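**Q** Dropping a structure here in structure tokens format, bear with me for questions.
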Amino acid sequence: MTTSKLLFVALFTINSVFSYAQDTIKSKNVEAILYLGKGKKQPLIVGLAGSEGGNAWTSDYWKKTRDQFTEKGYAFLAIGYFGCKNTSAILDKIAIEDVHNAILEASKNKKINKNKIAIVGGSRGADLALLVASYYKNIKCVVGFVTSHAVFPGHTQEFNSSCWTYQGKELPFIPVNEEAVPFLIKGDLRGTFEAMLKDTVAEEKSLIKVENSKAPILLLSATKDEICPSTQMAEKIIARLKSFQYKYNFKHSAIEGSHAEPLNHFDLVFDFLEINFRKN
């Protein structure tokens, strides 16, 4: 191969590796990293991880999926809301508006279509995605993996505060009741959730008001979820949307397998976004 051809190949490889721009978004109490492709007016996908903490969507593990979004013409905003530098150390009393403010800051980028914002969240991040969409009308699509239908306690030793706040006030949550304690002690998280959900009065007060959203909603649950009854929770969300005659498209796909299995089905996510978000 000639020297000129070798130079061309080298330059092409470099351009391919660095085809996606990365930018840190300045925002209070969250870590937000924006990944941009080459297009103009890119729809924005916001990625929220779950109770593992940190900013998981920036990790090498999720790079392949993150790149799939940018290759499909989306910009991708990875948000860490606890367990990161300059964030809360634990999942407790996280301000919904801080997360939304980071989204707004990212949407100011000239390459972003600020009228096309979707959130993809997993586990507790799915709860947060549904909550953000229920409070802010600029969210145009929501995807929730193994989500809850209600708010649960923050991860303090006493479990006596809410995961989430809005405008300085804690959102009502389902407390750890006496029946749940033995399950919690032995590390049976599914049993803990099921016992807590027997407090139907607290459950009713803590429901996520998904009907206030202005966005199509896709839920993916796990039929053999060892962490929480995610399929039953998703079914409750669907029932609530139906009862309010929700005018946007919504869908629940129950995936056979454990808590993490739905994460192997991003094909369903890409299809849903293409039909209900990008084309609308």
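**Q** Considering only residues that are among the polar types (S, T, N, Q) and surrounded by fewer than 17 Cβ atoms within 10 Å (Cβ to Cβ), which ones fall in region 63-97?
**A** T65, Q68, N86
**Q** List pairs: first in region 196-209 and among the small types (G, A, S), second not in a loop (DSSP other than H, G, I, E, B), Cβ under 6 Å, 6+ apart or cross-chain?
**A** Matching pairs, first to second residue: S206/A150.
**Q** Still on this structure: Report the residue count in region 162-180 for those that are within 20 Å of I90 (Cβ to Cβ) and either in a helix (DSSP H, G or I) or more than 21 Å from the chain's Cα centre (by Cα) (or both).
**A** 5
**Q** Give the residues of region 71-94 that are touching a residue at least 60 places away in the same chain (Cβ under 8 Å) and under 15 Å from the mean Cα position of the chain (by Cα), sorted by residue number.
**A** Those that are touching a residue at least 60 places away in the same chain (Cβ under 8 Å) and under 15 Å from the mean Cα position of the chain (by Cα): L91, I94.
**Q** Scan region 229-280 residue by residue and report those that are outside any helix (DSSP H, G or I) and of a type in the set (G, A, S).
**A** Of everything in region 229-280, those that are outside any helix (DSSP H, G or I) and of a type in the set (G, A, S) turn out to be S253, A254, G257, S258, A260.
**Q** Which one is nearest to S258 (Cα to Cα), of the residues in region 104-132 that are touching a helix residue (DSSP H, G or I) at 6+ places or on another chain (Cβ under 8 Å), aliphatic (A, V, I, L, M) and buried (at least 24 other Cβ atoms within 10 Å of the Cβ)?
**A** Among those that are touching a helix residue (DSSP H, G or I) at 6+ places or on another chain (Cβ under 8 Å), aliphatic (A, V, I, L, M) and buried (at least 24 other Cβ atoms within 10 Å of the Cβ), it is V120.
**Q** Just to be sure, is L189 closer than 14 Å to S148 by Cβ, surrounded by fewer than 21 Cβ atoms within 10 Å (Cβ to Cβ) and out of contact with any Gly (no Cβ under 8 Å at 6 or more places or on another chain)?
**A** Yes, satisfied.
**Q** Quick one: which residue in E226, E211, E203 is of a type outside the set (A, V, I, L, M, F, W, C), in a helix (DSSP H, G or I) and over 19 Å from D92 (Cα atoms)?
**A** Being of a type outside the set (A, V, I, L, M, F, W, C), in a helix (DSSP H, G or I) and over 19 Å from D92 (Cα atoms) holds for just one of E226, E211, E203, which is E211.
**Q** Considering (1) in contact with a Phe, Trp or Tyr (Cβ under 8 Å, 6 or more places away or on another chain); (2) modelled with pLDDT under 95; (3) within 21 Å of Y166 (Cα to Cα); (4) surrounded by fewer than 23 Cβ atoms within 10 Å (Cβ to Cβ), say which one G37 fails and leave the rest.
**A** (3)
**Q** All but one of (1) touching an Asp or Glu at 6+ places or on another chain (Cβ under 7 Å); (2) surrounded by 11 or more Cβ atoms within 10 Å (Cβ to Cβ); (3) modelled with pLDDT under 85; (4) not polar (S, T, N, Q) hold for F8; which doesn't?
**A** Just one mismatch for F8, condition (1).
**Q** Further question: Does L34 qualify as being aliphatic (A, V, I, L, M) and assigned to a loop (DSSP other than H, G, I, E, B)?
**A** no
**Q** Sticking with this one: Does any residue in region 225-241 that is among the aliphatic types (A, V, I, L, M) come within less than 7 Å, Cβ to Cβ, of a residue that is in a helix (DSSP H, G or I) six or more places away or on a different chain, and which pairs are these?
**A** I227/L189; I227/R190; I237/V210; L241/V210; L241/E211
**Q** Scan (1) part of a helix (DSSP H, G or I); (2) in contact with a strand residue (DSSP E or B) (Cβ under 9 Å, 6 or more places away or on another chain) for the single condition L220 breaks and write down its number.
**A** (1)
Residues are listed down the side, and each one gets a yes or a no for (1) under 29 Å from K114 (Cα atoms); (2) surrounded by 14 or more Cβ atoms within 10 Å (Cβ to Cβ); (3) not aliphatic (A, V, I, L, M):
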position: H155; (1), (2), (3): no, yes, yes
position: S162; (1), (2), (3): no, yes, yes
position: G168; (1), (2), (3): yes, no, yes
position: P175; (1), (2), (3): no, yes, yes
position: E194; (1), (2), (3): no, yes, yes
position: E204; (1), (2), (3): no, no, yes
position: L218; (1), (2), (3): yes, yes, no
position: K224; (1), (2), (3): no, no, yes
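The values are calculated or read from the model by the stated rules, or taken from the named source; none is laboratory data. Here the structure is a predicted model, which means the values were calculated and not measured. Glycine gets a Cβ as well: all are built from the backbone with ideal geometry, and neighbour counts include every protein chain shown.
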